[in-house]
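The values are calculated or read from the model by the stated rules, or taken from the named source; none is laboratory data. Note that the structure is a prediction, hence the values are computed from the model and not measured. When we count neighbours, we look across all protein chains shown, and the Cβ atoms used for this are built from the backbone with ideal geometry, even at glycine.
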C-alpha cells in the first residue's frame, strides 16, 4: 500500500474476538488480518459492484393438503 488511511471501526465484541483468533492462527496482526480479509472480499466482488452470487430463489410453497385429509394428524408423513 502506497498510502494508508486511518479509520475508527466499531465492531461487535464477538467479531473482534473471532478476528483476533484468526489473526493469531494466520500469524498476522489484527490490522493485517482485517486488511487481508477486506481485500479478499473486494477481489471476489465482480466489477461494477453487486454480490458475487445471485440470491437463492425462495423455497416453493408446500402443496396444499387435500380437503378430506385436513385436520387429520395421522395422514402426514413422519
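Of the conditions (1) in a loop (DSSP other than H, G, I, E, B); (2) modelled with pLDDT of 80 or more; (3) surrounded by 10 or more Cβ atoms within 10 Å (Cβ to Cβ), residue 65 clears all except one; give me its number.
(2)
Report whether or not residue 43 is loosely packed, with under 10 Cβ neighbours inside 10 Å and modelled with pLDDT of 95 or more.
No: the conditions fail for residue 43.
Note down all Cβ pairs under 7 Å where the first residue falls in segment 7-22 and is surrounded by 10 or more Cβ atoms within 10 Å (Cβ to Cβ), the second is in a helix (DSSP H, G or I) and at pLDDT 95 or above, and they're at least six residues apart or on different chains.
19/30; 19/33; 19/34; 20/30; 22/33
If residue 20 meets every condition in (1) part of a loop (DSSP other than H, G, I, E, B); (2) over 17 Å from the mean Cα position of the chain (by Cα); (3) modelled with pLDDT of 80 or more apart from one, which number is that one?
(1)
Let me spell it out: the conditions are (1) outside any loop (DSSP other than H, G, I, E, B); (2) under 20 Å from the mean Cα position of the chain (by Cα), and residue 9 meets all of them except one. Which number is the exception?
Condition not satisfied by residue 9: (1).
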